[in-house]
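Remarks on the structure that follows.
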Amino acid sequence: MAGGKLSPRQKMINLMYLVFIAMLALNMSKEVLSAFGLLNEKIEKANTDTATRNLAFMGGLETKASDEPEQYGAVLSKAQEIDVISNDLDNYLTSLKSMSIEGLEDASDYEVMDTPDFFDRRFFNADKYKTEGQEFVDKINDYRTKLDKVFADIATDTTLSKQITGLEDIKKSINENFSTGEVINRDGKKVDWLRYNYEGFPLVASLTKLTQIQADIKTTKSELLGKMLSGKQTAALSFSNYSTLMEAPKSAYYSGERFDGSIVLGRTDASTKPKRAELTLDGRKLAEGTDYTFEGGKVKMNVGAGSPGDHKIEGFLYYGEGGEETEVEVKSAFATISMPNAAVIAADKMNVVYRGVVNPMTISIPGIPDNKVTARGTGLSPISGSKYSMSPGAGRTVSITASGTLPDGKPVSSSVEFRIKDIPRPTGTIRGEDGDGGAVKMQREGLTKSSVGAMLLDFDFDLKLQVTGFSFKVSGQPTIKCNGRKLSSQATGALRRAKRGETVQIFDITAKIASNSGYKLKKISPVFIELTN
């Protein structure tokens, strides 16, 4: 690990893994695993902060491009290209990390992440790379190559090269941090980069390494965007190019609460106080002093949160600029959710849907209005609000995924797997009776007038079954096929020859579901009739 020319970052990583390998040799304690997990969390937190700054950078650059398209239009285009390249690798790493901890009961229990199984099995096959391992290396190479092309484009563009300077250090850092070339190990031998960094290491160490790569991606992106803005402040933009923002103490409100958020401009000092405002809440005009007040550069709201769902605050703020009144559009929204008044109780092993029937389902995500929730699954159809219907097809299971967006813009998604069962075996009946495991006692005259039926005992769906035919058997006489639900004349003649106390059979009953004639029911159980006269 100490051989060759290495960057400070690579030396730090090498030192980290030397310590880790040394601890392994000494029967490493669980505390060390937890320490790596805490390090991973710390980097994750820093990544979140950097991502927030990058979003602000992009917003500022977009504002600049809108205000001065000739000067900043090309810069914005390159920034968006860098954004796409960075997000592609970052999202891939996020997906890879999620897969690696899938199945763990507690993703924060780092003491159980002491095996290298996931990445060893995913990346390596003896002395060769698996497809997934090569894909990982290719993704990093592709990221580096695409950014090199962006730098080349900037260098060859006379206008851009004047606007965006000082990229050489960033380019050098990218080539060092995202190099996948051979590495010299502690024995002075050349080792493939992927094996050197991921083969045989505990899961928590590999997760931390992936998080560090994400940190490098976000830091590189931040540095590039900073260069593109060239240190200029976007706060000096004209009022006409400002956008309004919503500030709120929390992201969701319960029905009956008061919404106490604030509508603000990007600059909130007292000098930006509006001269007046014209605002509406869901189309209702708001009054100054009652529904809102001016506090510094903010418009402080004081309105009821309203019924569950999304609510829109719209209108205009009016500012004085150059002796004239400037109009700034307000277009903001907040969400109200119902206050919980009941527990959610479910039988863990009863996630079942039935083939051949329309299964009603209720799908929602707590804290998100129904109109912000979408659900998907094979055979799933929306009805209204949180109500859906499920008509499963082939297979033994079906997965239903519900996705939504929290009021703060964060996406949330959850999947549940349901077992698919066929409609149970129907039971044959005569005169609506099934004999309850025995024979139905009837007079032969009553049997000739009675209808043969079929029912689903103890089934949760009320399905109407239509009998289309059956076989009738009197002991010692040939079996007679009957169409429809009643005995044919031939069957009635055979019934007359039966003796008192004799048991006759109705079997091979055929039926169909009235609402789904194409579904093939299981074989219907027979019904036995004991003649009482």
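Observations on the structure shown:
- Cβ-Cβ distances below 7 Å connect the following pairs, each with a first residue in the range 206-233 that is part of a loop (DSSP other than H, G, I, E, B), a second residue that is modelled with pLDDT under 95, and a separation of six or more residues or different chains: 230/163.
- Cβ pairs under 6 Å, 6+ apart, first in the range 175-201 and under 20 Å from residue 126 (Cα atoms), second acidic (Asp, Glu) and loosely packed, with under 15 Cβ neighbours inside 10 Å: 190/182
- Filtered by the rule that a residue be open to solvent by less than 20 Å² (accessible area, probe 1.4 Å) and not in a helix (DSSP H, G or I), the range 157-200 gives 164, 178, 183.
- Count of the range 470-517 residues which are small (Gly, Ala, Ser) and more than 21 Å from residue 444 (Cβ to Cβ): 4
- Index of the failed condition, residue 284 passing every other in (1) modelled with pLDDT of 75 or more; (2) touching a strand residue (DSSP E or B) at 6+ places or on another chain (Cβ under 8 Å): (2)
- Of all the criteria given as (1) part of a helix (DSSP H, G or I); (2) surrounded by 13 or more Cβ atoms within 10 Å (Cβ to Cβ), the one not satisfied by residue 107 is (1).
- Taken over the range 361-370, the residue count meeting the criterion of being assigned to a loop (DSSP other than H, G, I, E, B) and open to solvent by 30 Å² or more (accessible area, probe 1.4 Å) is 2.
- Considered as a group, the residues in the range 482-516 that are assigned to a loop (DSSP other than H, G, I, E, B) and in contact (Cβ under 8 Å) with a residue 40 or more places away in the chain include one that is most open to solvent (accessible area, probe 1.4 Å), and that residue is 515.
- Residue within the range 449-466 that is surrounded by 15 or more Cβ atoms within 10 Å (Cβ to Cβ), part of a helix (DSSP H, G or I) and among the hydrophobic types (A, V, I, L, M, F, W, C) present: no
- Condition met for residue 351 (open to solvent by 20 Å² or more (accessible area, probe 1.4 Å), more than 17 Å from the chain's Cα centre (by Cα) and modelled with pLDDT of 85 or more): yes
- Test result for residue 91, open to solvent by 70 Å² or more (accessible area, probe 1.4 Å), out of contact with any Lys or Arg (no Cβ under 7 Å at 6 or more places or on another chain) and of a type outside the set (Gly, Ala, Ser): yes
- Matching residues in the range 115-149 - criterion: being touching a residue at least 60 places away in the same chain (Cβ under 8 Å), in contact with a Lys or Arg (Cβ under 8 Å, 6 or more places away or on another chain) and not in a helix (DSSP H, G or I): 124
- Selection status of residue 212, open to solvent by 20 Å² or more (accessible area, probe 1.4 Å) and at pLDDT below 90: no
- Complete set of residues in the range 371-429 that are more than 29 Å from residue 520 (Cβ to Cβ), outside any strand (DSSP E or B) and open to solvent by less than 70 Å² (accessible area, probe 1.4 Å): 385, 386, 406, 407, 409
- With respect to (1) within 16 Å of residue 207 (Cβ to Cβ); (2) touching a Ser or Thr at 6+ places or on another chain (Cβ under 6 Å); (3) surrounded by fewer than 18 Cβ atoms within 10 Å (Cβ to Cβ), the lone exception for residue 119 is condition (3).
- With respect to (1) part of a loop (DSSP other than H, G, I, E, B); (2) open to solvent by 40 Å² or more (accessible area, probe 1.4 Å), the lone exception for residue 530 is condition (1).
The values are calculated or read from the model by the stated rules, or taken from the named source; none is laboratory data. What you see is a predicted model, and the numbers here were worked out from it, not measured in a lab. Note: ideal-geometry Cβ built from the backbone for every residue, glycine included; neighbour counts use all protein chains shown. We work out accessible area using only protein heavy atoms, side chains counted, and drop any ligands, DNA or RNA first. Shrake-Rupley method; radii C 1.70, N 1.55, O 1.52, S 1.80 Å.
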